[in-house]
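S.K.: Below you will find the structure I want to go over with you.
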Amino acid sequence: MLTKLGQKFTDGFTKYMPSAYVFALLLTLLTGILALAFTESKPIIILEGWYNGFWNLLAFGMQIVLIIITAYCIAQSSPVKKGIDYITKYIKTPTQVYLTIIALGALLSLISFGMVVVTAILGRELALRIKGIHYPFLVACVYFSFNGWVCGLSSSIALLLNTENNFLIQEGILNTTISTSYSLGATLNIAMIILFVVVSPILIWLLIPKSHEGKELKDLQTSLDDEETTVKDEALSYKLPYKALSDSLNNAGWLQLSVAVLGLIYIVYHFATKGFDLNFNIMIFIFFVAGMFLHMTPMRYSIAMKRASSNISGVLFQYPFYAGIMGIMMASGLGEKISTVLVSIATPESYAFIAYVTGGVINFAIPSAGGEFAVIGPSIISMVQELGANLSPTEVTAMTARASMAVAYGESLSNLLQPFFLLIVFPVMGKGIKIQARDVVGYLFIPFVVLFVIQALMVMYLP
């Protein structure tokens, strides 16, 4: 019954859901109209906010591009290819693939949400090797698997609260930082991790499509991958038929490895002096250095980079549109207005649920936990402080962390229906095939509904 119901939702999304780019355009217009209707901002202020916001996520967008490219480079190396071949000896059936991807992806996401690229690479490689895999459903599994990143080491809101002199402290909203023991170490967050790692695979197992006819990777391919020729073989093909200094330098393992060793020294120094500070920048740098070691020579690494960079157009040109939407929300005050309305109905019993819903709603316009919290965080924290006026500072701190993490949980869950972060998965899993958000999101509607109910109860009642 669940499988049939899931297929009905999938058919509906396929029929009515536009591409990720069209979704961004529609949201841009909708946000602008809402800003005009519900705020006192003049049209030129909204337009100016949209333009200025266009450039606010350029650094973040570049980080996303680099994490995709560097992770994909690692996956093209001979040692990783051999490792995936080894794994496939023990994974024989499509069901095993789906469950492995969900469980492993959930664990990797606890390190960083950028690790979804690694999960996507493994998923695609398994789809190439194992028959009977429903590929759009597998893409949905990969996308679903990173949903728990907000519970892990790269949880941007939890890290922000624990950052010295963050914008909340600078604006006088908070007096001091909030330790991650109140957010990531809370019973609620531990329960959320169990939900993603243990319960989610069971839910996906119940929704596995009965038929894969016409949906395997080989059925969807529109072009042959250039990866049929290995990176090593392509590098050899560039060599001149006679000895040349240029070839010697292009294939000089000592040159690349020397620089890689310097990078490794810095990585060790970074963690030795800063603890387990795993942010976007250091993760990208780790991927860079790992790729240099794995590909050995400058020529091989250059070829791997070229292949990895061939399908990232969606990330490059759609990120600015969402940054523009964020600019409209901030310039017009629409984001703050929405959160203020929701906050006005909060009670000591419902404040976490209100924060959870707020995070999910605002995420459709600002699909970035950090960017979203910059807009609604002050209102959420002010709500908690007002409700906790007669409580001890420790209790207010715990409530603040709980409400802030509830925003993060809501933001993460609504990503299942918001195709923005599919832009991270598609460059890997959509290479050489025709696939759009509408082909994937339908499989995630039932998981969205089920997890919404479970998470809503958790944020309301778990300590």
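S.K.: Pull up all non-local amide H partners of residue 216: gap of 5 or more, or a different chain, and H-to-H distance under 5 Å with H placed in the peptide plane.
M.R.: Under 5 Å from the amide H of residue 216 lie the amide H atoms of 135, each far enough along the sequence or on another chain.
S.K.: Counting alpha carbon pairs within less than 8 Å and at least 6 residues apart, what relative contact order, in whole percent, applies to the chain? Spell out each step's value before the answer.
M.R.: Details: 661 pairs, mean separation 139.4, N = 463.
Here the relative contact order equals 30 percent.
S.K.: A further question on this structure: Counting other Cβ atoms within 10 Å of each Cβ, which GluC sites (Glu not before Pro) in segment 343-411 have at most 16 and sit in a DSSP loop? Don't skip to the answer; put the middle values down first.
M.R.: Values: sites: 349, 372, 386, 395, 411; in loops: 349.
Counting only loop positions with at most 16 other Cβ atoms within 10 Å, the GluC sites (Glu not before Pro) in segment 343-411 are 349.
S.K.: Taking segment 93-143 on its own, what percent of its Cα-Cα pair distances exceed 16 Å?
M.R.: On the way: 363 of 1275 pairs.
So the pairs more than 16 Å apart make up 28 percent of the total in segment 93-143.
S.K.: In segment 125-201, which GluC sites (Glu not before Pro) are in a loop and have at most 16 other Cβ atoms within 10 Å, using DSSP for the loop call?
M.R.: Answer in residue order: 164, 171.
S.K.: Could you give the radius of gyration (one decimal) and Dmax (whole number) of the Cα atoms in segment 149-193, in Å?
M.R.: 11.1, 33
S.K.: Using Cα atoms only, what is the angle between the long axis of helix 43-53 and the major principal axis of the chain, expressed in degrees (0 to 90) to the nearest 10?
M.R.: Once rounded, one gets 40 degrees.
S.K.: Next question. Determine ³J(HN,Hα), in whole Hz, for all residues of segment 139-144 in sequence, where each value follows from phi through the Karplus function 6.51 cos²θ - 1.76 cosθ + 1.60 and θ = phi - 60°; x replaces Gly and Pro.
M.R.: 4, 4, 5, 4, 5, 5
S.K.: Bin all alpha-carbon pair distances of segment 39-94 at 5 Å intervals from 0 and give each bin's fraction as a whole percent.
M.R.: For segment 39-94, the binned pair fractions read 4, 14, 11, 11, 10, 9, 8, 7, 6, 6, 6, 6, 1 percent.
S.K.: Just checking my list (i) 30.7; (ii) 25.1; (iii) 24.0 against mean projected area of the Cα convex hull in nm² computed from this structure; which label fits?
M.R.: Among (i) 30.7; (ii) 25.1; (iii) 24.0, the one calculated here is (iii).
S.K.: Quick one: net charge of residue 131's neighbours, Cβ under 11 Å, K/R +1, D/E -1?
M.R.: Working: positive: 92, 129, 218; negative: 216.
Overall, the nearby charge balance is +2.
S.K.: For the chain, the longest stretch holding no trypsin sites (Lys or Arg not before Pro) located in a DSSP loop with at most 13 other Cβ atoms within 10 Å is which? Can you show the working numbers first?
M.R.: Values: sites that count: 89, 92, 131, 210, 243, 434.
The answer is 244-433.
S.K.: At a threshold of 8 angstrom on Cα-Cα distance, excluding pairs fewer than six apart, so keeping six or more, what relative contact order does segment 71-207 reach in percent? Please list the in-between numbers first.
M.R.: Values: 151 pairs, mean separation 38.1, N = 137.
Relative contact order, segment 71-207: 28 percent.
S.K.: Let me check I've understood the local charge: for residue 92, count other residues with C-beta under 11 angstrom from its C-beta, Lys and Arg +1, Asp and Glu -1. What total comes out?
M.R.: +3
S.K.: Now, a different point. For the chain, which longest stretch is free of loop sites, where a loop site is one of the chymotrypsin sites (Phe, Trp or Tyr not before Pro) that DSSP puts outside H, G, I, E and B and that has at most 16 other Cβ atoms within 10 Å? Before the final figure, lay out the partial values.
M.R.: Values: sites that count: 55, 90, 238, 242, 276.
Value returned for the longest uninterrupted segment is 277-463.
S.K.: When a/c is below 1.5 the answer is rounded, else prolate if a/b is larger than b/c, else oblate, so apply that to segment 396-463 with a ≥ b ≥ c taken from the square roots of the Cα gyration tensor eigenvalues. Let's see the in-between values first.
M.R.: Numbers: a/c = 4.72, a/b = 2.25, b/c = 2.09.
Prolate, because a/c is 1.5 or more and a/b exceeds b/c.
S.K.: Here are some pairs, 210/306; 232/274; 89/218; 92/239; which of them have Cα atoms lying more than 32 Å apart in this structure?
M.R.: Values: 210/306 38 Å; 232/274 37 Å; 89/218 21 Å; 92/239 40 Å.
Violating the 32 Å limit, Cα to Cα: 210/306; 232/274; 92/239.
S.K.: Quick one: Debye curve from the alpha-carbon atoms of segment 310-434 only, equal weights, vacuum; give me log10 I(q)/I(0) at q = 0.09, 0.13, 0.17, 0.22 Å⁻¹ to two decimals.
M.R.: -0.30, -0.56, -0.83, -1.17
S.K.: Using θ = phi - 60° and the Karplus form 6.51 cos²θ - 1.76 cosθ + 1.60, what ³J(HN,Hα) does each residue of segment 440-456 get, whole Hz, x for Gly and Pro?
M.R.: Along segment 440-456, the couplings run 10, 5, x, 6, 9, 5, 5, x, 4, 5, 5, 5, 4, 5, 5, 5, 4 Hz.
S.K.: Let me ask something else. So for segment 246-331, averaging the separation of alpha carbon pairs under 8 Å that are six or more residues apart and normalising by length, what relative contact order in percent results? Walk me through the intermediate numbers first.
M.R.: Numbers: 40 pairs, mean separation 33.2, N = 86.
After rounding, I find 39 percent.
S.K.: So what are the ³J(HN,Hα) numbers for segment 263-274, from phi and the Karplus equation (6.51, -1.76, 1.60; θ = phi - 60°), rounded to whole Hz, Gly and Pro as x?
M.R.: These are the phi-based 3J(HN,Hα) values: x, 5, 4, 5, 4, 4, 4, 4, 6, 5, 9, 10 Hz.
No lab work stands behind these numbers, since they all come straight from the coordinates. Not measured: the values here are computed from a predicted model. Here Cβ is always computed from backbone atoms with ideal geometry, including for glycine, and neighbour counts include all displayed protein chains.
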